[in-house]
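Each remark here refers to the structure printed beneath this line.
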Amino acid sequence: MSYYKVVLVDDEEDVRTSIERKVDWESLGFELVGSASNGEEAMELVEQVPVDVVMTDIKMPFMDGLELSAKVKENYKNTKVVLYSGFDDFEFAREAIHLEVEEYLLKPIGAKDLENVFSRIKENLDREFDERRNLENLSKYYQQSLPMMREHLLAGILDGKISESQAETLLQSYGMEFRSSFYSVGIITGEGHAVGGSDPEYIGYAAENATSEEGIELPEDVFRIRQMLMLSLMNLTKDYLDKNLKSYVFMYLGHVVVIALLQKEKDVHDFVYHMNQVCKMGSHMLGMNVSAGVGNAYTQICQIAISYEGACNAFDYRIFGDEAGHAFYINDVEPESREITWQEPLGISNVIHEIKFGTEEEVNHSIEAFVHGLKGENNTTIQQYQLSLMEMVTELLKLMRSYQMDMTEIFGKDYDLYQKVGAFGSMSELEDWLKDKCSRICNTIRSMRTNSTNIMTDKAKAYIEEHYGESDLSVEQLCSYLNVSATYFSVMFKKKIGMSFVAYLTKVRLEHALELLNNTEDKSYIIAEKVGYPEANYFSYVFKKKYGISPSKYRMNKES
């Protein structure tokens, strides 16, 4: 059976123990997964373990229950909060309502009260979890999200970020009939004039300029009209092509994009004709200068990215058009571009990804896959082979630059990388060279990360040593100084030091307290303030918890 997870927060251990023992948690459907003596410790627990309920006292040092509740509600909206207090204070109750906590209890808390509270919370959690898990609702949500998911997939294909096998799997799972002998991409957009309730010259100008020449901001309606016109152009395009061509039409980066599914390579000419017709219709019906670009036809889904790039290049030639409403085909304006029929869009990016995040085995595997793609199965020409290697070298150099690496440490002094590209005697020699250099880059990155963690940890320890006497010292304050996120810091600090920030801060404070007890005549409450505990009783509690004896008895034993 799965239990909902509860964290109990109170600075008094006997109170936590009392609450823990008053209830048969498992019979109510709950499991106590941790306890904390203040809000700081509790937040660390919540960040590390999925928690369904936080039950916390209000009055605590470091971070009180109200602060904790606010943070939990801000960062973990589905987590329930139960507040309790020994003070019948209206302000506390009002703040609890403001924070939308589930329950607000007054001490002493009886077993029956706890059972009633957690029974109600379980009903709410059951209902929320059932709603999330309900297959009918999930299916409905999936169907509602499907158009957006399909467009995101098509956008990924356009960008060349999805492999052939990944694309085929996702297209099938999304119910998209995408199999075809050839694929060609067209982009279409409107510029200049626009029709509507305002002057078309004004709208056309405003759609392309954020402010007037006098610096006066133009009405926001202008931009909304622009978007409405583009949606109208997309619908017009879809309506026309649905009757003449199998295609997918969607908006991407401000353009209407068409992915045409063709049976024969020569069908791309029909596609250009239809796109030309759409341009003319759009220009006439919408009052805009509608132009289009069409890329070449390719046989593989992963090559759609090449066709899209060709369509974008062709679209740029619209400035040479003599009339509005015209589609430009890349093979007409750049005839040589048709010869570029091979590309390995994922190989290089996979190698870079594995260098940054993978193991040495994964790096080598990605290099083997990259080299395998160069061996000629895809009719690779020598020019394409050299271009791919130059791209790989360029990406490696960009990666090294981003980490501020010294190139000579990886490649040696006076090493001409681009000359090396044409000097390999065999594919196996190329593969060995890449594995060696990528391994060096990979190890350097790992070393830099380790050094970075060490530096961050050393700075954190020095900062804590300097500021431990400040009672409001927090992980947020420290992370602001270090310029890192609290989540990242907490994980890396604990990994390096072996304890959490709060535990380490407590350790430092108590060590300094021991030193003051040993070497000064200061009273316990003064020592407490000096080491960051404004409440002497809490200092005594923490000290006794650590050393098994109160500060005053420790000093008496030392003097006797």
Flag for residue 112 being at pLDDT 75 or above, part of a helix (DSSP H, G or I) and in contact with a helix residue (DSSP H, G or I) (Cβ under 8 Å, 6 or more places away or on another chain): no
Step by step: first the residues of the stretch 200-254, then only those that are open to solvent by less than 50 Å² (accessible area, probe 1.4 Å), among the aliphatic types (A, V, I, L, M) and modelled with pLDDT under 55, then the one that is nearest to the chain's Cα centre (by Cα). Which residue is that? 207
Could you please give the count of residues in the stretch 13-40 that are among the charged types (D, E, K, R) and without any contact (Cβ under 8 Å) to a residue 12 or more places away in the chain? 3
Quick one: how many residues across the stretch 483-506 are open to solvent by less than 30 Å² (accessible area, probe 1.4 Å), aliphatic (A, V, I, L, M) and in contact with a Phe, Trp or Tyr (Cβ under 7 Å, 6 or more places away or on another chain)? 1
Please go through the stretch 531-540 and pick out each residue that is touching a residue at least 12 places away in the same chain (Cβ under 8 Å) and over 42 Å from the mean Cα position of the chain (by Cα). 536, 540
Please go through the stretch 507-556 and give me each residue that is of a type in the set (Gly, Ala, Ser) and surrounded by 15 or more Cβ atoms within 10 Å (Cβ to Cβ), ordered by number. 513, 524, 528, 532, 536, 540, 550
Restricting attention to the stretch 543-560, which residues are at pLDDT below 85 and under 26 Å from residue 466 (Cβ atoms)? 545
Looking at the stretch 155-170 only, could you name the residues that are small (Gly, Ala, Ser) and on the phi < 0 side of the Ramachandran plot? 155, 156, 163, 165, 167
Within the stretch 442-462, does at least one residue satisfy the condition of being of a type in the set (Asp, Glu) and closer than 30 Å to residue 401 by Cβ? yes
Restricting to the stretch 478-488, name every residue that is at pLDDT 85 or above and either hydrophobic (A, V, I, L, M, F, W, C) or assigned to a helix (DSSP H, G or I) (or both). 478, 479, 480, 481, 482
Condition check for residue 259: part of a helix (DSSP H, G or I) and either buried (at least 21 other Cβ atoms within 10 Å of the Cβ) or at positive phi (or both): no
Please enumerate the residues belonging to the stretch 505-543 that are in a helix (DSSP H, G or I) and in contact with a Pro (Cβ under 8 Å, 6 or more places away or on another chain). 513, 517, 524, 527, 528, 538, 539, 540, 543
Is the stretch 388-404 home to any residue that is at pLDDT below 80, assigned to a loop (DSSP other than H, G, I, E, B) and either at positive phi or not aliphatic (A, V, I, L, M) (or both)? no
Report, by residue number, each residue of the stretch 541-560 that is within 43 Å of the chain's Cα centre (by Cα), within 16 Å of residue 516 (Cβ to Cβ) and not charged (D, E, K, R). 542, 543
(1) more than 17 Å from residue 236 (Cβ to Cβ); (2) buried (at least 21 other Cβ atoms within 10 Å of the Cβ) all hold for residue 282 apart from (1)
Considering only residues of the stretch 37-56 that are within 20 Å of residue 109 (Cα to Cα) and modelled with pLDDT under 90, which is farthest from the chain's Cα centre (by Cα)? 37
Name every residue in the stretch 17-36 that is open to solvent by 50 Å² or more (accessible area, probe 1.4 Å), more than 31 Å from the chain's Cα centre (by Cα) and hydroxyl-bearing (Ser, Thr, Tyr), in order of residue number. 27
Look through 101, 81 and report the one residue that is part of a loop (DSSP other than H, G, I, E, B), in contact with a Ser or Thr (Cβ under 7 Å, 6 or more places away or on another chain) and not hydroxyl-bearing (Ser, Thr, Tyr). 101
Do you know which of the residues in the stretch 132-162 that are of a type outside the set (Lys, Arg) and outside any helix (DSSP H, G or I) is farthest from residue 309 (Cα to Cα)? 134
Filtering the stretch 272-301 down to residues that are small (Gly, Ala, Ser) and part of a loop (DSSP other than H, G, I, E, B), which residue is farthest from residue 258 (Cα to Cα)? 287
Quick count over the stretch 341-356, residues being open to solvent by 30 Å² or more (accessible area, probe 1.4 Å), modelled with pLDDT under 80 and out of contact with any helix residue (DSSP H, G or I) (no Cβ under 7 Å at 6 or more places or on another chain), is 1
Would you point out which residue out of 165, 119 is assigned to a helix (DSSP H, G or I), in contact with a Leu (Cβ under 9 Å, 6 or more places away or on another chain) and open to solvent by 40 Å² or more (accessible area, probe 1.4 Å)? 119
Say we look at the stretch 285-332 and pick out the residues that are at pLDDT 90 or above, among the hydrophobic types (A, V, I, L, M, F, W, C) and farther than 23 Å from residue 228 by Cα; which of these is surrounded by the most Cβ atoms within 10 Å (Cβ to Cβ)? 294
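The values are calculated or read from the model by the stated rules, or taken from the named source; none is laboratory data. Since the model is a prediction, treat every value here as computed from it, not as a measurement. Cβ sites come from the backbone with ideal geometry, for glycine too, and all protein chains shown count toward neighbours. Side chains included, ligands, DNA and RNA excluded: accessible areas come from the protein's heavy atoms. Shrake-Rupley method; radii C 1.70, N 1.55, O 1.52, S 1.80 Å.
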